[in-house]
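Here is the structure we will look at, set down as structure tokens.
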Amino acid sequence: MERDIQYLKGVGPKRARLFRTLGVNTIKDLIFYMPRELETVQDVSAMRNEVEDKAKVSLNGVIVTSPFLRKTRGNLSILSAEVAGNLGRFKLVWFNQPFLKNKIIVGKSISVKGVYNKQYRQITVNEYKFNNALVKNDTKKQTQYFRPIYPVTDGLTQSQIQQCISIAIKKYEHQLVEYLPKEIMEMFNLCEIKKCIISVHNPKSKDEWIEAKKRFIFEEILTFKSALLLGKENISRQSGIKHRLGQSLIDQFSKKLKFKLTEDQQKVITEIIADMTSLKPMNRLLQGDVGSGKTVVAAYSLFLTVCNGYQGAMMVPTEILAEQHYYNLKDFFAFFDINIELLTSSTKGKSESYKRIKNGEVDIIVGTHAILQEKVEFKKLALIVTDEQHRFGVEQRSSLRNKGEHPHVLVMSATPIPRTMSQIIYGDLDISYIKQLPKGRKPIKTYSTTPNNRNRVFDFIKKEISKGQQCYIVCPLVEESDKVSGLAVTQYYDMVKNYFDNVKVGLLHGKMNSRQKEEVMNGFKKGETSILVSTTVIEVGVDVSNANIIVIENSEKFGLSQLHQLRGRVGRGSIQSYCILVCHTNSSTAKQRMKIMTKTVDGFDISEEDLKLRGPGEFFGTRQHGIPEFKHFDMLKHQDYIQPATEAAEVILKNKETESYRLFFDKIKEFAKNYLD
Ligand code: ADP
Ligand code: MG
């Protein structure tokens with residue numbers, strides 16, 4: 001069964017190549033190759049009841065008329081002939097297969113499958129086979145049967161795949177040995193593997209097929225969940241870097257803060273301190289909506305590490321964010337003797353920087369994934385913080401982890417993920433939540449409008465600016481393009497400058513070099529510019545609390561979660577903030593999405609809606625999140641599998657030394673090795 005697919009009867013090297021494009025490399029792969037749906041086929045030759053129009057049908061009969069070939073004006077050829085079956089005569093039709101004409105001979109027996117046209121008692125033939133013997137008059141014959149439909153590829157048809165699978169199963173079914181532990185199968189009422197394989201490829205009823213599929217879905221999510229828990233267990237078995245907590249130091253830090261921590265912030269900081277002062281490495285996710293104040297929490301944990309004589313690293317997805325955090329941390333630590341350095345791909349004098357990191361002169365390094373480079377070696381790295389974690393994959397997390405010896409890890413994310421799903425995606429992490437926003441925040445008022453109203457929008461901006469506020473305007477493109485529609489920041493910038501006299505306007509996009517970006521960002525932060533026309537480079541993290549309006553042009557081009565992130569750039573102080581979505585289409589989906597945005601302020605609700613609208617594939621951008629591409633499990637449809645699978649995974653890890661769990665546990669280890677390392 002483990003042999004290469006080319007050695008299966010009827011396959012050979014040529015077909016094997018085609019099978020490989022479907023991910024089928026071995027005979028076993030083929031046996032586990034899953035149909036994507038089940039088709040019900042009615043046998044008209046034996047049917048007593050009426051067959052419905054457009055039904056999939058099969059028929060055995062004898063050809064009773066000579067074939068008739070005609071061409072349509074569109075140069076389509078239509079070949080037809082009549083057959084007689086048990087229920088009388090039917091007309092068969094083939095499109096564009098004129099060469100069949102010679103094979104259709106009166107008196108010959110034929111089996112066909114196709115689509116029924118009730119009005120003309122006609123079958124459009126998809127598959128056919130000429131038989132030598134005359135069809136028997138079999139009255140006991142089933143009147144309907146089920147046919148699994150597989151994903152195909154050019155050169156490999158549905159029936160070829162079906163045939164190969166059926167050959168493979170016949171020959172190898174005895175080798176299918178159950179690998180799930182018996183207790184688990186009983187506890188969760190799962191069907192045995194051999195039976196499942198047979199039912200999924202050749203079901204006697206739809207129910208049987210569904211039962212079989214259930215096991216595969218459950219098994220898949222169970223394997224994944226178990227691997228995550230195993231990873232978590234492995235980390236917690238390592239000895240971490242036990243920090244000591246000097247309460248007086250922490251108090252000193254708190255005293256220098258410009259605001260009072262919220263209860264949630266305080267609670268999370270306590271959880272983090274508990275982790276870092278324990279014997280195990282911290283492995284924690286901090287979830288908090290945009291603007292909830294995660295950065296200061298990170299600052300506490302970095303402070304604790306540095307006070308214990310170790311180094312900390314903070315990794316973020318964009319240069320702009322890295323710079324902002326760099327200055328924020330400098331601010332937080334202004335009264336302490338702490339060396340902070342910035343490291344991004346455009347940092348000058350990197351080799352000097354590497355030296356200082358290696359010899360321990362640098363206490364905290366803030367940067368983009370430039371930190372991941374091999375050349376970056378730490379003297380004694382004890383804490384890793386990643387901000388906006390949804391932009392990093394599992395691999396990046398673990399390669400950063402390898403730069404220290406079992407360092408503490410804190411990942412922060414503002415992408416609110418429906419709770420059931422964070423159990424999967426972040427199943428290897430402990431989770432803390434910040435649910436409340438800092439005191440005095442007013443909910444952002446969100447409006448949706450059309451480009452026709454732009455002048456009114458601009459006048460509104462004018463009014464707010466005259467009161468001393470600032471404004472972001474976001475466009476999807478850097479420059480105008482023939483290929484993609486949408487407004488470009490460069491043109492828009494000129495237009496805004498023209499419209500607003502005596503107002504300083506900044507321009508920001510990803511094609512500018514980092515010095516230019518820094519200058520523009522600083523100008524805006526200091527309030528020297530009042531309007532910032534920008535692409536989505538400001539999407540994550542950017543924090544200028546005096547800005548109270550964000551206008552998003554071509555808002556129809558952004559996903560809901562992205563709009564929510566962008567909106568989160570305002571509403572960061574105590575003044576009333578506004579988000580204005582300028583929607584350039586009339587389509588009903590766009591309208592629906594704008595409506596959700598204007599009605600919903602909560603990030604969790606938005607992400608749930610977003611997931612429903614876009615589906616998990618697009619929502620998660622799978623690879624980014626480090627979620628594997630599931631074959632059976634569907635994040636949306638199969639949420640109710642998660643809880644039982646989590647329970648089962650816990651049972652499995654508890655019993656992993658037991659003999660009856662060995663086969664499956666080996667599979668889990670294998671999966672974890674391939675996927676999680
Ligand atoms: P996010 O969770 O989106 O990263 P930030 O950490 O950027 O949020 O915080 C948003 C803003 O709120 C910042 O300007 C920060 O200084 C401010 N802030 C954070 N915590 C508090 C608090 N407890 N009280 C008042 N303002 C706060
Ligand atoms: Mg942030």
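The values are calculated or read from the model by the stated rules, or taken from the named source; none is laboratory data. None of the values given here were measured: they were computed from a predicted structure. Every residue, glycine as well, gets a Cβ built from its backbone with ideal geometry; the counts of neighbours run over all protein chains shown.
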Checklist entry - Can you pull out the residues in region 365-389 that are within 16 Å of ligand 1 (Cβ to nearest atom) and over 14 Å from residue 282 (Cβ atoms)? => result 366, 387, 388, 389
Checklist outcome for this item: Exactly one of 239, 248 is among the hydroxyl-bearing types (Ser, Thr, Tyr) and closer than 14 Å to residue 307 by Cα, and that residue is 248
Checklist entry - Among the residues of region 330-339, which ones are touching a helix residue (DSSP H, G or I) at 6+ places or on another chain (Cβ under 9 Å) and surrounded by fewer than 21 Cβ atoms within 10 Å (Cβ to Cβ)? => result 333, 335, 336, 338, 339
Item to check | Residues of region 418-443 classified as among the aliphatic types (A, V, I, L, M) and within 16 Å of ligand 2 (Cβ to nearest atom), total | outcome: 2
Checklist outcome for this item: Of the residues in region 288-311 that are out of contact with any helix residue (DSSP H, G or I) (no Cβ under 7 Å at 6 or more places or on another chain) and within 13 Å of ligand 1 (Cβ to nearest atom), the one that is farthest from residue 257 (Cα to Cα) is 288
Checklist outcome for this item: By residue number, the members of region 557-566 that are more than 16 Å from residue 535 (Cβ to Cβ) and either within 12 Å of ligand 1 (Cβ to nearest atom) or over 20 Å from the mean Cα position of the chain (by Cα) (or both) are 564
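Here are 550, 580: which of them is modelled with pLDDT of 90 or more and within 16 Å of ligand 1 (Cβ to nearest atom)?
Just one listed residue meets the conditions, 550.
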Next on the checklist: One residue is enough: does region 331-338 have a residue meeting the conditions within 15 Å of ligand 2 (Cβ to nearest atom) and touching a residue at least 60 places away in the same chain (Cβ under 8 Å)?
Outcome noted: yes
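Which of the following residues is modelled with pLDDT of 85 or more and out of contact with any helix residue (DSSP H, G or I) (no Cβ under 8 Å at 6 or more places or on another chain): 663, 653? Don't jump to the end; show me each part of the working.
On the way: 653 fails: out of contact with any helix residue (DSSP H, G or I) (no Cβ under 8 Å at 6 or more places or on another chain).
On inspection, the qualifying residue turns out to be 663.
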Checklist entry - Right, residue 52: among the acidic types (Asp, Glu) and within 49 Å of the chain's Cα centre (by Cα) or not? => result yes
Checklist entry - For region 237-259, does any single residue satisfy the condition of being within 30 Å of residue 662 (Cβ to Cβ), more than 32 Å from the chain's Cα centre (by Cα) and either within 16 Å of ligand 2 (Cβ to nearest atom) or modelled with pLDDT under 90 (or both)? => result yes
Item to check | Subset of region 317-329 that is within 14 Å of ligand 1 (Cβ to nearest atom) and of a type outside the set (A, V, I, L, M) - its residue that is surrounded by the most Cβ atoms within 10 Å (Cβ to Cβ) | outcome: 325
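So if I check each of 484, 503, which one is assigned to a loop (DSSP other than H, G, I, E, B), surrounded by fewer than 13 Cβ atoms within 10 Å (Cβ to Cβ) and among the β-branched types (Val, Ile, Thr)?
484 is the lone residue from the list that is assigned to a loop (DSSP other than H, G, I, E, B), surrounded by fewer than 13 Cβ atoms within 10 Å (Cβ to Cβ) and among the β-branched types (Val, Ile, Thr).
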Next on the checklist: I'm trying to understand the selection: among the residues of region 295-326, which are more than 16 Å from ligand 2 (Cβ to nearest atom) and assigned to a loop (DSSP other than H, G, I, E, B)?
Outcome noted: 308, 309, 310
Checklist entry - Can you tell me which residues in region 521-548 are crowded, with 21+ Cβ neighbours inside 10 Å and either assigned to a helix (DSSP H, G or I) or on the phi > 0 side of the Ramachandran plot (or both)? => result 521, 524, 537, 538, 541
Checklist entry - Within region 276-285, is there a residue that is in the same structural domain as residue 314 (by TED's automatic domain parsing), closer than 21 Å to residue 387 by Cα, among the aliphatic types (A, V, I, L, M) and within 16 Å of ligand 2 (Cβ to nearest atom)? => result no
Checklist entry - Within region 63-119, can you find the residues that are of a type in the set (Ser, Thr, Tyr) and more than 18 Å from residue 51 (Cα to Cα)? => result 65, 66, 72, 77, 80, 109
Checklist entry - residue 412 is checked against (1) touching a Lys or Arg at 6+ places or on another chain (Cβ under 6 Å); (2) modelled with pLDDT of 95 or more; (3) within 16 Å of ligand 2 (Cβ to nearest atom) and fails just one. What number does that condition carry? => result (2)
Checklist entry - Looking only at region 647-663, which residues are part of a helix (DSSP H, G or I) and of a type in the set (Val, Ile, Thr)? => result 651, 652
Item to check | strands (runs of 3 or more DSSP E) contained in region 42-119 and holding at least 2 residues more than 23 Å from residue 147 (Cα to Cα) | outcome: 56-63, 68-71, 77-85, 88-95
Item to check | Search result, residues across region 434-463 that are buried (at least 18 other Cβ atoms within 10 Å of the Cβ) and in contact with an Asp or Glu (Cβ under 7 Å, 6 or more places away or on another chain) | outcome: 434
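Could you look through region 513-548, keep only residues that are of a type outside the set (A, V, I, L, M) and within 16 Å of ligand 2 (Cβ to nearest atom), and pick out the one that is farthest from the chain's Cα centre (by Cα)?
Here is the first cut: in region 513-548, the residues of a type outside the set (A, V, I, L, M) are 513-519, 522-530, 534-536, 539, 541, 543, 545-546, 548.
Checking the rest, the ones that are also within 16 Å of ligand 2 (Cβ to nearest atom) come to 525, 536, 539, 541, 543, 545.
Values: 525: 34, 536: 20, 539: 19, 541: 21, 543: 27, 545: 31 Å.
Within region 513-548, the match that is farthest from the chain's Cα centre (by Cα) is 525.
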